[in-house]
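The block underneath contains the structure these notes are about, expressed in structure tokens.
Computed from the coordinates by the stated procedures, all read-outs in this text should not be read as laboratory data. Only a predicted model underlies this, so the values are computations on that prediction, with no experimental measurement involved. Here the Cβ positions follow ideal geometry from the backbone for every residue, glycine too, while neighbour counts run over all protein chains shown.
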Amino acid sequence: MKLLARLVSLCARPGAWRWIMVIALALALPALWSPLVIDDLIHQIRMDPERSLGGFDDPKDGLFVFANGDPTQRAVAMEQGVMGWWTAKDLRFVFLRPISSATHRLDYRLWAENSALVHAHSLAWFLLLLAVVYRLYRRF
């Protein structure tokens, strides 16, 4: 309990938010050296008009719509190996993420082949979120 009380008192200091942001950034920084993986690659394929990934809805409807519950979509995705044979017939795997979809589209347009810049863009949004949360907590 002493450790928690000490941590709370450290975080309450006037300049602590700067250190919190530096530590958070340092912990997330290794992302800059990681390649694009799984859903990043799926998003790139879905946004490229010359390629297609069967069974997925139009990316304008949302990049985070992975399964819409339509058995026809499921059948096409299974045929192309995107979903396994065990996938539920009425699977819905849908996330409403308009801001993430917009930033992913921007990433793909500007830095399609440079994962470091894509991840740096995400880290910038992460730091902005930390600043907003800090302001919100200070207010209350």
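For this structure, a couple of remarks:
- Under 5 Å, built H, 5+ apart or other chain: amide partners of Asn68: Phe93
- Using the Cβ-Cβ distance between Ala124 and Lys60 with R0 set to 22 Å, the FRET efficiency from 1/(1 + (r/R0)^6) comes to roughly 0.35.
- Per residue, the chain reaches -18500 deg cm²/dmol at 222 nm when only DSSP H runs of four or more residues are counted, each adding -39500 (n - 2.57).
- Correct option for Rg/Rh (Cα atoms, Kirkwood Rh) [calculated from the coordinates] among (1) 1.08; (2) 1.12; (3) 0.96: (2)
- Rounded to the nearest 20, the Cβ-based charge dipole of the chain about its Cα centre (Lys and Arg +1, Asp and Glu -1) stands at 1200 debye.
- Here the calculated FRET efficiency for Val37 and Tyr134, from their Cβ-Cβ distance with R0 = 35 Å, stands at 0.70, rounded to the nearest 0.05.
- When only Cα pairs below 8 angstrom with a gap of at least 6 residues are kept, the chain shows a relative contact order of 25 percent.
- Helix runs (DSSP H) in the chain reaching 15 Å along axis by Cα, Kyte-Doolittle at least 1.0: 16-28
- Farthest positive-ward along the chain dipole, Cα basis, beta-carbon charges - from Gly62, Ala77, Trp17: Trp17
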